[in-house]
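Here's the structure we're looking at; comments come further down.
The values are calculated or read from the model by the stated rules, or taken from the named source; none is laboratory data. Note that the coordinates shown come from a computational prediction; the quantities given were computed from them, not determined experimentally. Cβ coordinates were reconstructed from backbone atoms using ideal geometry, including for glycine residues, and neighbour counts include every protein chain displayed.
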Amino acid sequence: MPLARGFIINSDPQSWANALFVGNRWGVINNNIAECWNSCVRSARHLPIVAMVDHIRVQKMKMMHRRRDSTLRMTKELSPRKEKSVVSANMESRTLRVQRSCDWKFEVVDGEKSFVVDLVDMTCSCRVWQINKIPCKHAISAIEAKSACV
């Protein structure tokens, strides 16, 4: 498709490549905000405008209340979903090979690939740590290796 090819060649990769996005995403990517919004307000579409706005206001107020309550019930630093993610990454990190590069830098071998982990800058070359702001399995294995040396 020549038109698509021209668009990709002429566009800045930081505009369309998640791997090159420099901002914080916190592991959340919404590709189409209009679709998200439409699915949230589907039940109010048939109402007159004033009733529709009021319905959406009450719906959002209930959602915020549910989220606030669930947050107040949390007993740990991380949400249950992020806690599960860290536990899973910790389990996966146990099979990785770690080589120390210098005091705070490590090479972590994961199968056929190797990744560079910098514990000072809190980065991994897989970029999962930077995107999610939670250590990936490579970072966890490097942290464990660093802890074992202390």
Return the pairs, sorted by first residue and then second, in which the second residue is of a type outside the set (A, V, I, L, M, F, W, C) and surrounded by fewer than 11 Cβ atoms within 10 Å (Cβ to Cβ), the first residue lies in the stretch 70-93 and is at pLDDT 85 or above, the beta carbons are less than 7 Å apart, and the residues are 6+ apart or on different chains. E83/K76
Looking for something modelled with pLDDT of 90 or more, among the acidic types (D, E) and not assigned by TED's automatic domain parsing to the domain that holds K137 - is there at least one such residue anywhere in the stretch 4-26? no
Which residues, counting only those in the stretch 70-113, are surrounded by 12 or more Cβ atoms within 10 Å (Cβ to Cβ) and over 14 Å from E144 (Cα atoms)? L78, S79, K82, E83, S85, S101, V109, D110
Residue within the stretch 135-144 that is charged (D, E, K, R), in contact (Cβ under 8 Å) with a residue 12 or more places away in the chain and loosely packed, with under 12 Cβ neighbours inside 10 Å present: no
Scanning the stretch 82-107 for residues that are basic (K, R) and touching a strand residue (DSSP E or B) at 6+ places or on another chain (Cβ under 8 Å), which turns out nearest to L119 (Cα to Cα)? K105
